[in-house]
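Comments concern the structure below.
The values are calculated or read from the model by the stated rules, or taken from the named source; none is laboratory data. It should be emphasised that the depicted structure is a prediction, and the values quoted were computed from it without experimental measurement. Quick reminder, even Gly has a Cβ in these numbers, built from the backbone with ideal geometry, and neighbours come from all protein chains shown. For accessibility, only protein heavy atoms count, side chains too; no ligands or nucleic acids. Shrake-Rupley method; radii C 1.70, N 1.55, O 1.52, S 1.80 Å.
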Amino acid sequence: MERSTYLEERDAIRASNGTLIDRDPKTGTFWGPVHKLEGVTVNSLREGMQAAIDGHESAGEGEVDVFIEYEPEDFNLLSDWELKRLRQGDHLSQVRTMSLIFTLDETGLHLHLAVDFPYTDKERRMLDRVGEYIRHSLGSIDSVEYCAGLEDAPAWTIHVVPHLHLTVARCVEIAKCIESLLRYERMDPDVPEGAMALLLAGHSSFLIGRPENSWLEAKQSYGIADKSQKHEFACDVAAFANSTSGGLIVIGVKTDRDHRGRDIITEFTPCRAGSINVQTYQQAVTDRVVPAIEGLSLSVAEIENGDLLVVQVPPQEEARMPFVVKGGVIDAHDSKIRTTSFSIPVRRNADKEYMSPEWVHSLLVSGRAFLAHKATSAKNLRGQSQ
């Protein structure tokens, strides 16, 4: 692929894929639609911007801006802030400010992301929601600003030093995810329901850089045709059913260990589009887990190169626990399952464990003691009534 460069006779940057990014004579800013910049990296764009500075005296005293034009996916949805204004009887602003601007000056390349109508004006809450995601996926955060009065359209502007290896299209994809994270409080990536909403809304990129935890399990695949893998999948689902918060299993992602020993989601390894047989996974749970898990949801999330399977296990009534998986693995290499055995998986932080025989025995003893006490109490009540 060619390098990006500057065409002085046209006053335009020619991107590495041949697309021309023209300068607006009124604003002095270069404008380029994201759909025409396929495959263009941030580093390549920076080269073209530097060429514009070097080749044009009126480039703005050594500074060049490139505005990336794109449409938000949620243009017709009202943010939490807008809904609150409506309930208060206020009018809604017709302004929808959104932008992705690259600036090159003597300090280097910077990316400026504006998110309008955020649900919070508190910097700490905003950074808690998107800070780590930005640092891992987009670049280092230089500064943030909150504007409360732009024609009744409050907005956060986040200034980032971007990773140069990213494509421009990838930066826009991340920007759209950040917009959803900040416009809708319910899209909370730190709870299963919020993560599920983000995935089904097409914002799977929020997963990159996130560690597995007490409610999130990441898998490349299960090899679900194999009996032992069906059993493993059923155990993973049952472990979340035996927890107090439920959980989420995302299939089609890769993890790597970080320096703290955590499994961090690093990339997508999706299944071929249309190839996931949801019924096979559902049947693996139905056939093996007792009692049936209420509200179990299996959904396919489409991403750029294929599909992810997202399994949501909602919190279960404590009275129905523990959830038991029929069968036990004899030899994982030979896919042998002992059908007369059973397993009771539980979630411990980011790991799955199994109830020990001693633990199961204590549950049985406690259950018998409770039933005996209940029977004795009932007998005594009958005797008193006579």
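Give me the number: length gained by fully extending Glu318 to Lys122, i.e. 0.36 nm times residue separation minus the C-alpha to C-alpha distance, one decimal in nm. Display every interim value, and only then the final one.
Working: separation 196, 0.36 × 196 = 70.56 nm, distance 3.69 nm.
Result: 66.9 nm gained on full extension.
Please calculate how many Å² of accessible area the stretch 252-299 carries per residue, with a 1.4 Å probe and no DNA, RNA or ligand atoms counted. Don't skip to the answer; put the middle values down first.
On the way: 2740 Å² over 48 residues.
That works out to 57 Å² for each residue.
Just to check I understand the Karplus step: with θ = phi - 60° and J = 6.51 cos²θ - 1.76 cosθ + 1.60, what whole-Hz values come out for the stretch 193-205, glycine and proline as x?
5, x, 5, 4, 4, 5, 5, 6, 7, x, 9, 5, 5
Could you run the Karplus curve 6.51 cos²θ - 1.76 cosθ + 1.60 with θ = phi - 60° over the stretch 341-349 and give me ³J(HN,Hα) per residue in whole Hz, x for Gly and Pro?
Result, rounded to whole Hz: 9, 8, 10, 10, x, 9, 9, 10, 6.
Kindly sort His259, His110 by accessible area of their heavy atoms, largest first, with the probe set to 1.4 Å.
Numbers: His259 170, His110 30 Å².
Most to least solvent-accessible, the answer reads His259, His110.
So which of Lys122/Lys219; Lys36/Lys219; Lys227/Lys254 end up more than 30 Å apart, counting from Cα to Cα?
On the way: Lys122/Lys219 35 Å; Lys36/Lys219 34 Å; Lys227/Lys254 23 Å.
Over 30 Å apart, Cα to Cα: Lys122/Lys219; Lys36/Lys219.
Over the stretch 163-248, what is the relative contact order in percent, taking alpha-carbon pairs closer than 8 angstrom and at least six residues apart? Before the final figure, lay out the partial values.
Details: 53 pairs, mean separation 19.4, N = 86.
Result for the stretch 163-248 is 23 percent.
For His165 and Lys227, calculate 0.36 nm times their separation in residues minus their Cα-Cα distance, and state this gained length in nm to one decimal. Can you show the working numbers first?
Numbers: separation 62, 0.36 × 62 = 22.32 nm, distance 4.16 nm.
So the chain would gain 18.2 nm between His165 and Lys227.
What FRET efficiency would be calculated for the residue pair Arg257, Lys326, taking the C-beta separation as r and a Förster radius of 25 Å, to the nearest 0.05? Write down the numbers at each step before the final one.
Values: r = 33 Å, r/R0 = 1.30.
It comes out at approximately 0.15.
For Lys122, Lys230, give me the order by solvent-accessible area with a 1.4 Å probe, most accessible first, ignoring ligands, DNA and RNA.
The ranking, largest first, comes out as Lys122, Lys230.
What is the set of long-range amide H partners of Gly327 at a cut-off below 5 Å, with H atoms built 1.01 Å from backbone N?
Ser341, Phe342, Ser343
Keeping all protein chains in the complex and leaving out DNA, RNA and ligands, what accessible area do you get for Val191 with a 1.4 Å probe, in Å² to the nearest 10?
Its accessible surface works out to 50 Å², give or take rounding.
Can you give the accessible area of Trp81 in Å² (nearest 10), computed on protein heavy atoms with a 1.4 Å probe?
The accessible area comes out at roughly 50 Å².
Could you go through the stretch 19-35 in sequence order and give the Karplus-derived ³J(HN,Hα) for each residue, using 6.51 cos²θ - 1.76 cosθ + 1.60 with θ = phi - 60°, rounded to whole Hz, and x for Gly and Pro?
5, 8, 10, 7, 8, 6, x, 7, 9, x, 9, 6, 10, x, x, 5, 5
Determine the share of the stretch 93-205's accessible area contributed by carbon and sulfur atoms, expressed in whole percent, with a 1.4 angstrom probe.
50
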